[in-house]
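This report refers to the structure that appears directly beneath it.
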Amino acid sequence: MVDMTPDQKLERIKKALDRGNNPDWEEVRAGLVDGRYQFFENDHGVCITEVVQAKRKRFLQCWIVAGELPGVMGLQDTVEKHGRDHSCAFMTTTARVGWEKVLPQFGWKKARTIFTKD
């Protein structure tokens, strides 16, 4: 596996943002700069998170995950530690259907199904 360049990572992030109802890259970049979002990376993937304070619990939303599968999943321990360090009770993510086959082997469980309609 060849290391991803910063430009390749940015392109994967932008591609992920194009799916669903997401802000554009400039809004995400602003959130990273002001600390609303957190950025994790390794040679093969990136994860952008947000600590969310809900009514009853704080949780870590793994919001943008992009890159090559082994690299992306290699970030999980670091991201989990970040959540624990910020008193998060759990992590959550919204993913394409194909992730249903992958995530359970990394300790994730399906909690709900999301529908959209244009």
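The values are calculated or read from the model by the stated rules, or taken from the named source; none is laboratory data. Nothing here was measured: the structure is a model prediction, and the numbers come from that model. Positions of Cβ are generated from backbone atoms using ideal geometry, with glycine treated the same way; all protein chains shown enter the neighbour counts. Just so you know, the surface numbers come from the protein's heavy atoms only, side chains and all, with ligands and any DNA or RNA stripped out. Shrake-Rupley method; radii C 1.70, N 1.55, O 1.52, S 1.80 Å.
About its Cα centre, the chain has a charge dipole of approximately 840 debye under the convention of +1 per Lys or Arg Cβ and -1 per Asp or Glu Cβ, with nothing else charged.
At a Förster distance of 22 Å, what's the computed FRET efficiency of TRP99 paired with ASP34, Cβ-Cβ distance as r, to 0.05?
Rounded to the nearest 0.05, the efficiency is 0.15.
Of the solvent-accessible surface of the chain, computed with a 1.4 Å probe and all protein chains present, 50% belongs to carbon and sulfur. In the frame of its principal axes, segment 1-52 has Cα extents of 33, 21, 17 Å, reported largest first.
With both residues required to sit in the chain, DSSP beta bridges show an antiparallel share near 80%. Helices in the chain, meaning DSSP H runs of at least 4 residues, each add -39500 (n - 2.57). Divided by all residues, the mean residue ellipticity at 222 nm is -9500 deg cm²/dmol. Annotation: for a label point projected 7 angstrom from Cα along Cα→Cβ of ASP43, residues of segment 65-83 with backbone N closer than 20 Å are 66-79.
Selection among ALA111, VAL33, THR94 by position relative to the dipole of the chain gives ALA111 as farthest towards the positive end (Cβ unit charges, Cα centre).
Can you tell me how the chain classifies by the Cα gyration tensor, rounded, prolate or oblate, using a/c under 1.5 as the rounded cut?
Rounded.
For the pair segment 84-116 / segment 33-61, the C-alpha centres are spaced 14 Å from each other.
Kindly report the accessible area of the chain per residue (heavy atoms of protein chains, probe 1.4 Å, no ligands, DNA or RNA), in Å². Mind dumping the intermediate values first?
Details: 8370 Å² over 118 residues.
Heavy-atom accessible area per residue stands at 71 Å².
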